[in-house]
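Asker: My structure is below; once you've seen it, I'll send some questions.
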Amino acid sequence: MFERPRGTNDWGPEDMVKRRFVESRFVQLAESFGFREVATPTIESLELFTAKSGPGIVRELYAFKDQGGRDLALRPEFTASILRFYVSDLRSRPKPLKVYTTGNVFRYEEPQKGRYREFYQLNAEIIGGAPLPSDAETLALAIGTMRAIGLKRVKARIGNLGILRASLPFGSTDQAVVLHSLDKRNFAMLDSELARLGRKDLSKSLRQFIDLSGDVTILDRASKVLGGAGKEAFDYLRNLADLLESYGVSPTEYAFDMGVVRGLDYYTGMVFEIDSPNLGAEKQVGGGGAYDLAQVFGGEPVTQTGFALGLDRLVMSAEAEGSAPSPPPLDAYVVPIGDSMRPKAIEVLASLRADGLKADIDLVGRGPTKNLEYANAIRARFAILVGQRELVAGKATVRNMASGEQREVSLETLVEALREKPPKSASR
Ligand code: AMP
């Protein structure tokens, strides 16, 4: 007996129906927004991630040397890979470039409910658009995905790092440390850093500021707390609210939240996180914002905005809200009555499959009674009994598994008979 590695999951058929549902709703919506799919390798050079996030990231990665002595890592997210791809191959394409990708990512984290070492992300990026329209489009896709999955209680929290950056009169390294302490809400660290920088006076207003959250009217209050700093960034959020309204995003689907800091250095402007209140500690289902990575990877300056949604957590949230589908039933289970009937039964099976029905056949050689038990166990809607007597008349016996009703149906009209809506009593 082998156990799967810590922090990984096996997903059974019932799980996969839900996971594919969530993924396909995202893909459909992204395509309808004009995003196009890309795929990048699961392994990347380790340097791609240390260049982006610093050497400290290594302990959070699955990093290893390959047999040629190269330092590699399993991807912990998609943005770095997509920006690498952009800088090396895609940068001459017409802008904006709108791409999406989905797949597994790996982080060496302490596993718990909703936090795994291998998990799945739905990712979208816009490169080379004007900031405001691109951020609005990105948010509309992220929030729209929640709606498409049937999640009614999730809320996006939107902030703007430009506001905090404008109110922190420090160089970028010192700014990063202060932002990091705000992101982690580590106020001891905040105070000691501000003391070191000779600006202890900022502590109170910064703490007040990151606690502010609400509709667009919160922006006036937040602006006062910071004594008018970051006017442009506040105006940006007001304009964003107008564009979101035009997209049909309801004000109930998001809030402005000055506490969304996303401490990583490469975020530059609008940032957001999406929470699902029914998920407890691991309630964050997604996050994103405007960032600057192309230059880190050797490209020219270009605007970049994007997000990653956690598929595993979206599925958990859909289950909690009852919007995740169950596996569709098998339409027909074909039973040859005796081995001599198998060739004809396979022909019937093949014609049902060709018509787009989900159809299966006895592969064991069981007798009719055992086969009907099996059809019941796998929740087939109909059993099709193919026997010599009916076949001579060009017919098969169709048994409705829910009602037990059985009738002979001409093979020519078999598909129509199976397409009939199951009676109410049949819905199990
Ligand atoms: P991040 O790239 O850290 O902003 O993560 C984006 C989304 O991926 C989060 O909002 C989560 O939904 C999901 N996520 C992050 N880490 C994990 C994990 N260890 N296990 C499952 N989902 C995760």
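Asker: Scan the range 276-294 and tell me whether some residue there is over 20 Å from Asp211 (Cα atoms), hydroxyl-bearing (Ser, Thr, Tyr) and in contact (Cβ under 8 Å) with a residue 40 or more places away in the chain.
Answerer: yes
Asker: Please go through the range 112-159 and give me each residue that is under 30 Å from Tyr62 (Cβ atoms) and more than 16 Å from the ligand (Cβ to nearest atom), ordered by number.
Answerer: Ile126, Ile127
Asker: If you go through the range 267-292 one residue at a time, how many are crowded, with 20+ Cβ neighbours inside 10 Å and away from the ligand (no atom under 13 Å from the Cβ)?
Answerer: The total comes to 3.
Asker: Looking at the range 13-32, is at least one residue within 16 Å of the ligand (Cβ to nearest atom), farther than 25 Å from Gly144 by Cα and out of contact with any Phe, Trp or Tyr (no Cβ under 9 Å at 6 or more places or on another chain)?
Answerer: For the range 13-32, residues within 16 Å of the ligand (Cβ to nearest atom), farther than 25 Å from Gly144 by Cα and out of contact with any Phe, Trp or Tyr (no Cβ under 9 Å at 6 or more places or on another chain): absent.
Asker: Restricting to the range 360-384, name every residue that is surrounded by fewer than 21 Cβ atoms within 10 Å (Cβ to Cβ) and among the polar types (S, T, N, Q).
Answerer: Thr369, Asn376
Asker: If Pro328 meets every condition in (1) surrounded by fewer than 16 Cβ atoms within 10 Å (Cβ to Cβ); (2) farther than 17 Å from Phe382 by Cβ; (3) of a type outside the set (Phe, Trp, Tyr); (4) within 32 Å of the chain's Cα centre (by Cα) apart from one, which number is that one?
Answerer: The one condition Pro328 does not meet is (2).
Asker: Are there helices (runs of 4 or more DSSP H) fully within the range 1-112 with at least 1 residues that are closer than 15 Å to Asp312 by Cα? List them.
Answerer: Numbers: elements: 13-32, 46-53, 79-85.
Here the list reads 13-32.
Asker: Identify all residues within the range 211-264 that are more than 23 Å from Met146 (Cα to Cα) and among the hydrophobic types (A, V, I, L, M, F, W, C); write none if there are none.
Answerer: Leu212, Ile218, Leu219, Ala222, Val225, Leu226, Ala229, Ala233, Phe234, Leu264
Asker: Please go through the range 89-110 and give me each residue that is within 16 Å of the ligand (Cβ to nearest atom) and either over 23 Å from Thr50 (Cα atoms) or among the aromatic types (Phe, Trp, Tyr) (or both), ordered by number.
Answerer: Tyr100, Phe106, Tyr108
Asker: Any residue at all in the range 207-223 that's within 22 Å of Arg157 (Cβ to Cβ), in contact with a Ser or Thr (Cβ under 6 Å, 6 or more places away or on another chain) and either in contact (Cβ under 8 Å) with a residue 24 or more places away in the chain or surrounded by 13 or more Cβ atoms within 10 Å (Cβ to Cβ) (or both)?
Answerer: Looking for residues that are within 22 Å of Arg157 (Cβ to Cβ), in contact with a Ser or Thr (Cβ under 6 Å, 6 or more places away or on another chain) and either in contact (Cβ under 8 Å) with a residue 24 or more places away in the chain or surrounded by 13 or more Cβ atoms within 10 Å (Cβ to Cβ) (or both), one finds none in the range 207-223, hence no.
Asker: Would you be able to say whether some residue in the range 178-192 is surrounded by fewer than 16 Cβ atoms within 10 Å (Cβ to Cβ) and among the basic types (Lys, Arg)?
Answerer: yes
Asker: To continue, here is another question. Taking the range 141-186 on its own, how many of its residues are at pLDDT 90 or above, out of contact with any Ser or Thr (no Cβ under 6 Å at 6 or more places or on another chain) and of a type in the set (Gly, Ala, Ser)?
Answerer: Qualifying residue count, the range 141-186: 6.
Asker: All but one of (1) under 13 Å from Ala345 (Cβ atoms); (2) surrounded by fewer than 19 Cβ atoms within 10 Å (Cβ to Cβ) hold for Gln406; state the number of the condition that does not hold.
Answerer: Every condition holds for Gln406 apart from (1).
Asker: Which condition number in (1) in contact with a strand residue (DSSP E or B) (Cβ under 8 Å, 6 or more places away or on another chain); (2) at positive phi; (3) more than 16 Å from the ligand (Cβ to nearest atom) is the one that Ala255 fails?
Answerer: Of the numbered conditions (1) in contact with a strand residue (DSSP E or B) (Cβ under 8 Å, 6 or more places away or on another chain); (2) at positive phi; (3) more than 16 Å from the ligand (Cβ to nearest atom), the odd one out for Ala255 is (2).
Asker: Kindly provide the set of residues from the range 307-346 that are over 30 Å from Val105 (Cβ atoms) and in a helix (DSSP H, G or I), ordered by number.
Answerer: Across the range 307-346, the qualifying residues are Asp339, Ser340, Met341, Arg342, Pro343, Lys344, Ala345, Ile346.
Asker: Still on this structure, please answer the following. Test each condition in (1) within 13 Å of the ligand (Cβ to nearest atom); (2) in contact (Cβ under 8 Å) with a residue 40 or more places away in the chain for Ala324 and report the one that comes out false.
Answerer: The one condition Ala324 does not meet is (1).
Asker: Follow-up. Consider Ala402 against the criteria (1) touching a residue at least 24 places away in the same chain (Cβ under 8 Å); (2) not in a loop (DSSP other than H, G, I, E, B): it satisfies all of them except one. Which criterion is unmet?
Answerer: The single condition Ala402 does not satisfy is (2).
Asker: Could I ask something else about it? Just one of the numbered conditions (1) hydrophobic (A, V, I, L, M, F, W, C); (2) assigned to a strand (DSSP E or B); (3) surrounded by fewer than 18 Cβ atoms within 10 Å (Cβ to Cβ) is not true of Leu391; which one?
Answerer: (2)
The values are calculated or read from the model by the stated rules, or taken from the named source; none is laboratory data. These numbers come from a predicted model, not from an experiment. Heads up, the Cβs are rebuilt from the backbone with ideal geometry, glycines too, and the neighbour counts pull from every protein chain shown.
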